[in-house]
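Student: Take this structure first; my questions come after.
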Amino acid sequence: MDLYDRATELETLQREHAIAAQRARAPHGESASECERCGEEIPDARRQAVPGCTRCTECESLRERGR
Ligand SMILES: [Zn+2]
């Protein structure tokens, strides 16, 4: 049981590390000024809140719901 717990812990750590590495590769501070999907202007507030975003709030939420 103890061994199992450790394996799970290690797995969690590895996953967190992978996610962190993925985030580090993601673009920072280069938010698009226009949505790549509908061409609408992305509000400054969103561009600052979500560095590297390329879609407006509406398209982003549509994409998330579509998954
Ligand atoms: Zn859009």
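Laboratory data are not the source of any read-out in this text; all were calculated from the coordinates shown. Source: prediction; values computed, not measured. Positions of Cβ are generated from backbone atoms using ideal geometry, with glycine treated the same way; all protein chains shown enter the neighbour counts.
Student: Helix 57-66 versus the longest principal axis of the chain: what is the Cα-based angle in degrees, 0 to 90, to the nearest 10?
Tutor: Compared with the principal axis, the helix lies near 50 degrees.
Student: Say each of SER61 and GLN48 gets a label point 7 Å from the Cα, pointing the same way as Cα to Cβ; how far apart are those two points in nm?
Tutor: Placing both labels 7 Å along Cα→Cβ, they lie 2.2 nm apart.
Student: Return, ordered by residue number, the residues of the stretch 48-67 whose backbone nitrogen is under 19 Å from a label point located 7 Å along Cα→Cβ of CYS38.
Tutor: From the stretch 48-67, the list is 48-50, 53-67.
Student: Next up: If the chain were replaced by its equivalent ellipsoid, with semi-axes equal to the square roots of 5 times the Cα gyration tensor eigenvalues, what would those be, largest first, whole Å?
Tutor: With the √(5λ) rule applied to the chain, the semi-axes are 35, 14, 8 Å.
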